[in-house]
Structure formats: structure tokens, C-alpha cells
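Have a look at the structure below, then the notes.
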Amino acid sequence: MSETLLEVRDLVKHFPVGGGVLSKKTGIVRAVDGVSFDLHRGETLGLVGESGCGKTTTGRCILQLERPTSGTIRFQGEELTTLPPTAMRKLRRHMQVIFQDPYSSLNPRMTIGQIIEEPLKVHAIVTEAPARAERARDLLTQVGLLPQHAKRYPHQLSGGQRQRVGIARALAMEPALIVCDEPVSALDVSIQAQIVNLLEDLQGRFGLTYLFIAHDLSVVRHISDRVVVMYLGKVVEIADRTSLYEAPLHPYTRALLSAVPIPDPKLEARREHIVLRGEVPSPLNPPSGCVFHPRCPVAIARCAAEVPALREITPGHCAACHLA
């Protein structure tokens, strides 16, 4: 097993909800509720689940863009939740993010070259302006763009090109970890494959580590080494991609995989499709016991009364289910 780069333990993030004239707290949104996992250097860990399950909030807490309510986050041996702002600023260059929307994440008033040069200037990595410009052109080449794109503005590029700029900006810091927050979900399918292939190529060249947040299980299967499945703020299953896709243990994971289309129409017609009843409960008022039990096709009385622990069922394959 390679070195553990990131350790997340019992991560909790609650958002207070206000209402009324005096905006008193009327409730708590349990966005992330006790999430734990490890991320090893050089691997890609997929983080999947339905919209609103807490994937992006988990990523933002790791980057300290959101301060966790409780829990611990250790990155390269440093505990991030108690790190003072000055120390966090120095460490931040080693943690970068690729945002979901490749347009709103780029400053429309800056050229592409200025966007890529800005972090180099802020962190004093390259102090001379001509050297920064040269570094920006080199980064554009590495992500499949032309050096002359440095003089253009974001609105003059396509969605796929803008996302490549976002990747180049992240690479400028020479980070150890990149959080990919649904980096291909806003792109056309043909462009998605190009961006995923680019991320894999860059990982091989620079030894990058990815936390890949997505809801498209086919994309996650292609790029990830291991996969974490979340539901309503909790981790329900962790496994390597082969085990997860061939032998899922949690009913929610099986339901997600049954919704992924198969190109072969004969196989598609024969396989089981699991249709979940009801809607995803509100994180303002999550169910008792297992949060999935109101929609689970195999739930028993114990599921409504007792929270299942995330336990290792087979080597390297963990699930939070009483029946696993």
C-alpha cells in the first residue's frame, strides 16, 4: 500500500437554517454526517452519490473552503481543522481544485495567461513576469491548448477549452492533491472523454492524486482506483472499482449501478433494474437508523432503529448495511 496522503475521520458539516423576522435558527442541514476515508498518494478516489448527498461539501471541507463542524482532516501529516490561517495559506498550494463550471470559475476580465499566472504570483513561485508568462504558455501546451490562447479571454473559448484552462491553473501550483468537483458534468459527452483522458495522462506524468467527485458512475469506473459511495451525508460503501462494480454489497450501490445503461441491448433487456421508491429524505430531518431504510427494498425492522457501522466485509471492501 502506498503512502496515505489524506485521512478523513468522522467529518461532520452542519449548516444552520434560519427563518422568521429575527432569523433565529430553526433547524440544521446535516450535509456531511460522519464521513471517514483514506486517500493514498498517486491514486484516484471516486466520490459518488445522488445530487445533495454531500459530495461537494466533503471536498470543500477538505480544501478548508468550508470549516467542518467536527472531525479530523490530515493532509501530508498536518491536521487541517486546527491549522492557523498563515500555515494553511502555505499548505494550500499543495491542494488544488478543478471546479464543475468551467466558465464561472474563470475571471472574465482576465486573459487566460493572467488567470494561470495569478497563483504563481500570489504564492511567489515565479517572481519574474516574463518567466511567469513563459510558464503559463508551457502549462497551456501540457493541457492540449496552444500558447497563443494565453492572450484570449474565457468567453472566446469553448467549454472544453475553458476546463483545460482550469486544469492548467491547478497544475501551476505543482500540487500533491487535486479535488476534481464534477469536472466533466457540464461538458458534452465527446468532450468528457477527452478531459478524463487528459486527467489520466497528467496523473501518469506528474504523479498526481485525485479526489474525483461525480454522479456519473461510468466516468468514475473509468478513472478511479477506489470508490466511496455516499447517501444523505453518510458513506455507505467503499471498495476498489472492480469489487464495487462486479459485487456491490449495499442496496443503494446496487440500485445506482442498475441505472447505468449498457451498450448491448440484449444484456440491457435481461438485467435487473432496481427502482427505488419515494424521494431522497431531507437532510433537515434525516430518517432514524440507516438513512437509506425508507427507500431500501430489503430493509428490516432493525434498519429503522439502529445505525449500521461501516465495516469491512471482505478485504478492502466496506459497507454500512446490517444485511451485508
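The values are calculated or read from the model by the stated rules, or taken from the named source; none is laboratory data. These numbers were taken from a predicted model, which means no experiment stands behind them. In this analysis, Cβ positions are derived from the backbone assuming ideal geometry, glycine residues included, and neighbour counts consider all displayed protein chains.
If the condition is being of a type outside the set (Asp, Glu), in a strand (DSSP E or B) and under 23 Å from the mean Cα position of the chain (by Cα), then segment 271-324 contributes Arg311, His317, Cys318, Ala319. For the residues Leu91, Leu106, the requirement of being more than 22 Å from Pro286 (Cα to Cα), outside any strand (DSSP E or B), over 19 Å from the mean Cα position of the chain (by Cα) and in contact (Cβ under 8 Å) with a residue 40 or more places away in the chain singles out Leu106.
Considering only residues that are among the acidic types (Asp, Glu) and over 17 Å from Gly166 (Cβ atoms), look in segment 184-225 and name the one that is modelled with the highest pLDDT. In this case the residue turns out to be Asp225. Just one of the numbered conditions (1) of a type in the set (A, V, I, L, M, F, W, C); (2) closer than 24 Å to Ile213 by Cα; (3) buried (at least 16 other Cβ atoms within 10 Å of the Cβ) is not true of Ala309: (3).
Applying the criterion of being surrounded by fewer than 13 Cβ atoms within 10 Å (Cβ to Cβ) and assigned to a loop (DSSP other than H, G, I, E, B) to the residues of segment 1-60, the residue that is modelled with the highest pLDDT is Glu3. Taking segment 61-82 as the range and being surrounded by fewer than 20 Cβ atoms within 10 Å (Cβ to Cβ) and outside any loop (DSSP other than H, G, I, E, B) as the test, the residues that pass are Ser70, Gly71, Thr72, Arg74, Glu78, Glu79, Thr81, Thr82. Annotation note: Cβ proximity below 9 Å between a residue of segment 133-156 that is free of Cβ contacts under 8 Å to residues at least 12 places away in the same chain and a residue that is of a type in the set (A, V, I, L, M) and surrounded by fewer than 21 Cβ atoms within 10 Å (Cβ to Cβ) (sequence gap 6+ or interchain) occurs for Glu134/Val126.
Taking the conditions exactly as written (hydroxyl-bearing (Ser, Thr, Tyr), out of contact with any strand residue (DSSP E or B) (no Cβ under 6 Å at 6 or more places or on another chain) and at pLDDT 90 or above), does Tyr252 satisfy them or not?
Against the criterion (hydroxyl-bearing (Ser, Thr, Tyr), out of contact with any strand residue (DSSP E or B) (no Cβ under 6 Å at 6 or more places or on another chain) and at pLDDT 90 or above), Tyr252 does not qualify.
If you go through segment 126-146 one residue at a time, do you hit one that is surrounded by 15 or more Cβ atoms within 10 Å (Cβ to Cβ), modelled with pLDDT under 90 and either of a type in the set (A, V, I, L, M) or more than 27 Å from Glu50 (Cα to Cα) (or both)? Yes, segment 126-146 contains at least one residue that is surrounded by 15 or more Cβ atoms within 10 Å (Cβ to Cβ), modelled with pLDDT under 90 and either of a type in the set (A, V, I, L, M) or more than 27 Å from Glu50 (Cα to Cα) (or both).
Can you go through Phe206, Phe212 and tell me which one is under 15 Å from the mean Cα position of the chain (by Cα) and of a type outside the set (A, V, I, L, M)?
After ruling out the rest, the residue left standing is Phe212.
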